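Enquirer: Below you'll find the structure I mean.
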There are 2 protein chains.
Amino acid sequence: MFEQIADSQDALKQVFRRHASGVAVITLNDEQGNPVGFTATSVTSLGATPPLVSFNVARGSSTWPALSAAKFVAMHTLGENGLALAQKMSQDHTKRFLDSDWKFDEKYQLPIFTDATAVLFLKIRQIIEVEANAVVICDALGGLLGEELPALLYNRRGYLIPGKRLTD
Amino acid sequence: MFEQIADSQDALKQVFRRHASGVAVITLNDEQGNPVGFTATSVTSLGATPPLVSFNVARGSSTWPALSAAKFVAMHTLGENGLALAQKMSQDHTKRFLDSDWKFDEKYQLPIFTDATAVLFLKIRQIIEVEANAVVICDALGGLLGEELPALLYNRRGYLIPGKRLTD
């Protein structure tokens with residue numbers, strides 16, 4: 001038996017409360033060469049041939065001015081050791097790169113958090129503005145593989161790690 | 001320490017193996033009024049004001065001809081009881097609506113799987129074709145709230161349920 005939700009905003013909120021997502025961190029450089037970035041729960045693959053990725057961003061976010069002018073970004077997947085990073089990258093944007101938990105990579109000069117479980121280097125192909133948000137479509141270029149740890153997840157307004165596997 | 005992955009397709013595959021996602025089922029009617037649908041791990045919110053949703057689809061998929069002509073779709077979130085449904089909706093498309101686990105809803109006449117943890121009714125606003133894929137952007141209209149169960153997740157090529165919560 002279902003309970004009806006007539007209001008569209010309430011419906012979005014309540015339905016997505018039941019949806020889970022993986023947690024990623026997107027980083028890039030602003031036009032002055034300073035590192036910027038944010039926690040994203042919207043990163044998803046958009047096909048493998050060619051290898052494409054999409055993610056969503058609010059155009060009111062602190063990272064938007066840099067992102068809308070950028071060519072390259074780094075997408076980090078986080079593991080169970082990434083909780084503090086996920087929280088830091090979704091809070092006060094002036095404090096996101098003050099610690100010594102990142103460095104510029106040699107090839108793209110993008111800021112890389114060294115505790116990520118993996119990093120995918122992306123070239124922005126297309127940005128589609130939709131209302132106050134944007135869908136960013138990128139080509140994958142190459143990556144870095146870190147330690148394999150249980151993936152960090154977001155669900156019901158909090159962070160968690162995977163539990164029982166239902167299939168092999 | 002990171003291991004370099006130079007090949008872009010290999011990088012996409014290996015990095016996304018470490019990323020997790022929630023599992024949803026998208027349903028709609030084809031132009032003859034027959035129910036069609038598929039399992040999607042790319043569903044994400046695209047802002048709340050107005051309430052928007054995006055998901056990705058391969059344009060070679062069995063559902064694409066119907067989707068590219070449709071106005072409305074239903075997005076279902078799945079819980080731990082949704083494994084068989086997630087598997088069915090990603091396998092042989094001729095067998096996806098043979099069981100009595102769904103019915104047409106009264107308002108939109110969309111096929112609804114009755115064991116979903118929630119359903120969001122969506123109106124397609126824009127479809128952006130990218131290579132062999134598409135990004136579908138929808139307005140949320142309203143929803144149905146079912147039983148709250150642990151969310152079904154996909155990670156490392158298999159289905160699982162949430163484990164330990166790291167935050168409240």
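Enquirer: Working from Cα positions, state the angle (0 to 90°, nearest 10) between the long axis of helix A:8-17 and the longest principal axis of chain A.
Expert: 70
Enquirer: Excluding same-chain residues fewer than 8 positions from A:LYS95, which aspartates and glutamates have a Cα within less than 16 Å of its Cα?
Expert: Cross-link targets: A:ASP30.
Enquirer: So, one more: Using a cut-off of 17 Å between alpha-carbon atoms, which lysines can reach A:LYS123, once sequence neighbours fewer than 8 places away in the same chain are excluded?
Expert: Candidates past the 8-residue exclusion: A:LYS71, A:LYS107, B:LYS13.
Enquirer: Right, here's the next one. Where in region A:127-168 does the label zone of A:LYS95 land, with the point 7 angstrom along Cα→C-beta and an amide N cut-off under 20 Å?
Expert: Within reach of a label on A:LYS95, which here means backbone N under 20 Å from a point 7 Å along Cα→Cβ, region A:127-168 contributes A:158-159.
Enquirer: If you add up the charges near A:ARG59, with Lys and Arg at +1 and Asp and Glu at -1, over every other residue whose beta carbon is less than 15 angstrom from its beta carbon, what do you get?
Expert: -2
Enquirer: Write out the trypsin sites (Lys or Arg not before Pro) in region A:9-95 meeting two conditions: DSSP loop, and at most 14 other Cβ atoms within 10 Å of their Cβ.
Expert: Those satisfying the criteria are A:LYS71.
Enquirer: Quick one: which residues, 5+ away or cross-chain, put their amide H under 5 Å from the amide H of A:ILE112? H built at 1.01 Å from N.
Expert: The list, which skips near neighbours in sequence, is A:LYS103, A:PHE104, A:ASP105.
Enquirer: Of A:GLY22, A:ALA48, A:MET1, which is farthest along the charge dipole of region A:1-48 in the positive direction, counting Lys and Arg as +1 and Asp and Glu as -1 at C-beta?
Expert: Sorting the options by dipole projection puts first A:MET1.
Enquirer: Of all alpha-carbon pairs in chain A, indicate the percentage at a distance above 25 angstrom.
Expert: 34
Enquirer: How much accessible area per residue does region A:2-116 have, in Å², with a 1.4 Å probe?
Expert: Here the residues of region A:2-116 average 45 Å² of exposed surface.
Enquirer: Counting only protein heavy atoms and a 1.4 Å probe, tell me what percentage of chain B's accessible area is made up of carbon and sulfur.
Expert: 46
Enquirer: Which residue fluctuates most in the GNM of chain B (Cα springs below 10 Å): B:SER62, B:SER100, B:SER42?
Expert: B:SER100
Enquirer: Which value at 222 nm does chain B reach when only helices count, each DSSP H run of 4 or more adding -39,500 (n - 2.57), with the total divided by all residues and rounded to the nearest 500 deg cm²/dmol?
Expert: Mean residue ellipticity, 222 nm, calculated: -3000 deg cm²/dmol.
Enquirer: In debye, nearest 20: dipole of chain A around its Cα centre with unit charges on the Cβ of K, R (+) and D, E (-)?
Expert: In debye, rounded to 20, chain A gives about 200.
Enquirer: Determine the principal axes of the Cα atoms in region B:20-115, then give the extent along each, sorted from largest to smallest and rounded to whole angstroms.
Expert: Over region B:20-115, Cα extents along the principal axes are 37, 31, 30 Å.
Enquirer: Under a crude label model (7 Å from the Cα following the beta-carbon direction), how far is A:ARG125 from B:ALA132 in nanometres?
Expert: Inter-label distance under the simple model: 1.2 nm.
Enquirer: Can you pull the one-decimal nm distance between simple spin-label points at A:ALA58 and B:GLN87, each 7 Å off the Cα toward Cβ?
Expert: Going from the A:ALA58 label point to the B:GLN87 one covers 4.0 nm.
Enquirer: Cα centroids of region B:130-165 and region A:1-29: how far apart, whole angstrom?
Expert: Each part reduced to its Cα centre gives a spacing of 9 Å.
Enquirer: Please compute the average number of Cβ atoms from other chains found within 10 Å of each residue's Cβ in peptide B:152-163.
Expert: Other-chain Cβ atoms within 10 Å of each residue's Cβ, averaged: 6.
Enquirer: With just the Cα atoms defining each centre, how far is region A:55-98 from region B:32-76? Give it in Å.
Expert: First find each Cα centre; the distance between them is then 27 Å.
Enquirer: What percent do you get for the relative contact order of region B:1-76 when only Cα pairs under 8 Å and 6+ apart count?
Expert: 30
The values are calculated or read from the model by the stated rules, or taken from the named source; none is laboratory data. Note that the coordinates shown come from a computational prediction; the quantities given were computed from them, not determined experimentally. Positions of Cβ are backbone-derived with ideal geometry, glycine not excepted, and every protein chain shown enters the neighbour counts. Ligands, DNA and RNA are excluded from the accessible area calculation, which covers all protein heavy atoms including side chains. Shrake-Rupley method; radii C 1.70, N 1.55, O 1.52, S 1.80 Å.
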